[in-house]
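Q: Handing you this structure, nothing more for now.
The values are calculated or read from the model by the stated rules, or taken from the named source; none is laboratory data. Values in this document were obtained by computation on a predicted structure and should not be read as measured data. Cβ coordinates were reconstructed from backbone atoms using ideal geometry, including for glycine residues, and neighbour counts include every protein chain displayed.
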Amino acid sequence: MTNDFDIEKVRARLIALRTKHGPDTPVGHRCSNLIEQLERMVAAAAGGYGWDDLQKSIGRSLSELAKLTAL
């Protein structure tokens, strides 16, 4: 199994979604949170610290974003 996860593509999609909904909306805030969490994920993977907490935060943000965009 290969990992096709491309952080730059995900980041670009989050920025587009934030732009569509506005940066000062609940969707925009979640997108901003996820963009920041992705940056921390790269640092955590390199340093090996904070990974478990970061995974939980990303999962929570994704769940909230999914609920907000399902309306």
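Q: Within segment 21-49, restricting attention to residues that are among the small types (Gly, Ala, Ser) and over 21 Å from Phe5 (Cα atoms), which residue is farthest from the chain's Cα centre (by Cα)?
A: Among those that are among the small types (Gly, Ala, Ser) and over 21 Å from Phe5 (Cα atoms), it is Gly22.
Q: Then there's this: Filter segment 23-48 for residues that are modelled with pLDDT of 95 or more and loosely packed, with under 12 Cβ neighbours inside 10 Å and give the result.
A: Once the filter is applied, which keeps residues that are modelled with pLDDT of 95 or more and loosely packed, with under 12 Cβ neighbours inside 10 Å, segment 23-48 yields only Asp24.
Q: A follow-up question, please. Scan segment 16-40 for residues that are of a type in the set (A, V, I, L, M) and either on the phi > 0 side of the Ramachandran plot or in contact with a helix residue (DSSP H, G or I) (Cβ under 6 Å, 6 or more places away or on another chain) (or both) and jot them down.
A: Matches in segment 16-40: Leu17, Val27, Leu34, Ile35, Leu38.
Q: Would you please list the contacts, defined by Cβ atoms under 6 Å and residues six or more apart or on different chains, that run from a residue in segment 17-45 that is closer than 17 Å to Ala70 by Cα to a residue that is at pLDDT below 95 and among the acidic types (Asp, Glu)?
A: Close Cβ pairs satisfying both conditions: Arg30/Glu64.
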